[in-house]
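Every read-out reported here was derived from the displayed coordinates using simple, explicitly stated rules and does not represent laboratory data. For clarity, every value in this text was computed on a predicted model and none was experimentally measured. Every residue, glycine among them, receives a Cβ derived from its backbone with ideal geometry; neighbour counts consider all protein chains shown.
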Amino acid sequence: MRGLARRLPSAAVALAVTLVLTACGGSDTGNDDTAPAGDEGAAAGAFPVTVEHKYGSTEIKEEPKRVVTLGLSDQDAVLALGVKPVGSVDWFKERPYGEWPWAEKLWGSERPEIVGERDEYNVEKIAALEPDLIIAQYSGMKKEQYETLSEIADVVAQPKDHADYGAPWQEMTRQIGRALGKEDEAKKKIADVDARFEAVRGKHPEFADTTLAVADSFEAGKYSAFTSTDPKSIFFSELGFKLEPEIDTLAKPGWNVAELSAEKLDVLDVDRLVWVTSSTEANDRIKAEPFYRKLEVSQEKRDLFVPYQDPDIGAAFSFNTVLSIPYAIDEIEPLLTAVE
């Protein structure tokens, strides 16, 4: 995940996970599958429940009422299951909560207390919220942090058997559902979203024979291609596309992005190339790069430029959560299949 910080623009510029976006543009998904469960509460007999994670296991004896999320996107799955976190981290000091188009209705007028930035947590603020459950799935929580926070409340740390920030969205949703006593509901929501992916693959079998890469560029002469472990690449893989394997070999160990100079852009000469960018100026700069203009994917217009914001398409498939995926599918499918 170290690659994430390296590819961030300034705070005012959107990234995959930049949290400055407003609910504008884009279509309503019209999909009720990810609607919150309301106040139905946990399933009967759900507690006590034990959740295994990176640092062991946590027994949750009673239904959590006050939940703090410490992962970048953890709040989405919690919201999808009908619970509004009382505290969350703010990764880029831009207080996004309630503004994402896929989550704004679920937040309503409420906002969580900000209890940290990225993987730095304000223990005093967390304690003051008197949580009974702390969730850290898409995070880099350290063991020392886990132990400290466990003195405040039950803590469900990152899924075991996965690198930090590397667990599939399905696994993180299941973990959160189990912790909230809503495991069956979480499984249903996962199945509903998986069905959305399956429907796209069935409608577009040609995707299976198409190699795709996802890239961005926030600075002249510097380009980033996302590896197969990045949520953006995973999203397109689940749509049915093949990923370019060479990108993984070019990334530094532990990174989910390969950094490329203009001279190395040939690795992006694939069947379909998706640029996720922050502005039309960035698009124009990429298109004007002489090395890029030589690529067949550019010459044959098999590249697609997708904004992070306005509409929030890039942000949606960068988050890649049980809430954001339906919005992302609705927005990106027409763009991928549009006829020039």
Per the charge dipole of the chain (beta-carbon charges, Lys/Arg positive, Asp/Glu negative, Cα centre), the residue among S139, P168, I247 reaching farthest to the positive end is I247
Treating only Lys and Arg (+1) and Asp and Glu (-1) as charged, each at its beta carbon, one finds that the chain has a dipole about its Cα centre, in Debye to the nearest 20, of 440
Interchain or sequence-distant (5+) residues whose placed amide H lies within less than 5 Å of the amide H of K222 are none
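Go through region 228-305 and name the trypsin sites (Lys or Arg not before Pro) that are in a DSSP coil and have 11 or fewer other Cβ atoms within 10 Å of their Cβ.
K301
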Taking Cα atoms only, helix 183-203 is inclined relative to the longest principal axis of the chain by an angle, in degrees rounded to 10, of 10
Expressed as a whole-number percentage, the relative contact order of the chain with C-alpha contacts under 8 angstrom and at least six residues apart is 21
A correct Karplus calculation of ³J(HN,Hα) over region 281-287, with 6.51 cos²θ - 1.76 cosθ + 1.60, θ = phi - 60°, whole Hz and x for Gly and Pro, returns 4, 5, 4, 5, 5, 5, 5
Low-density loop GluC sites (Glu not before Pro), region 64-157, at most 15 other Cβ within 10 Å, DSSP non-H/G/I/E/B, are E94, E110, E151
Any aspartates and glutamates whose Cα falls less than 15 Å from that of K203, other than same-chain ones fewer than 8 residues away, would be D194, E238, D330, E333
Links exceeding 26 Å between C-alpha atoms in this model, out of K264/K301; K54/K105; K125/K252; K189/K232; K189/K252; K61/K84, come to K54/K105; K125/K252; K189/K252
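Order 57-67, 79-89, 220-230 from most to least packed using the mean count of other Cβ atoms within 10 Å.
On the way: 57-67: 16.5, 79-89: 23.5, 220-230: 20.5.
Packing order, densest peptide first, comes out as 79-89, 220-230, 57-67.
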In debye to the nearest 20, the charge dipole size for region 188-340, taken about the Cα centre with +1 at each Lys and Arg Cβ and -1 at each Asp and Glu Cβ, equals 180
Computed ³J(HN,Hα) along region 151-162: with the Karplus parameters 6.51/-1.76/1.60, θ = phi - 60°, integer Hz and x for glycine or proline, the list is 6, 9, 7, 5, 10, 10, 7, 4, x, 6, 6, 9
The answer for the net charge of residues other than G98 whose Cβ lies under 12 angstrom from its Cβ, with Lys and Arg +1 and Asp and Glu -1, is +1
Taking the alpha-carbon centre of each part, the distance from region 258-277 to region 83-120 in Å is 33
About its Cα centre, region 192-266 carries a charge dipole, from +1 on Lys and Arg Cβ atoms and -1 on Asp and Glu Cβ atoms, whose size in debye to the nearest 20 is 80
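Indicate the gyration tensor shape class of the chain (rounded, prolate or oblate), computed on the Cα atoms with a ≥ b ≥ c the square roots of the eigenvalues: a/c under 1.5 is rounded; otherwise a/b larger than b/c is prolate and the rest oblate.
Note, shape of the chain comes out prolate.
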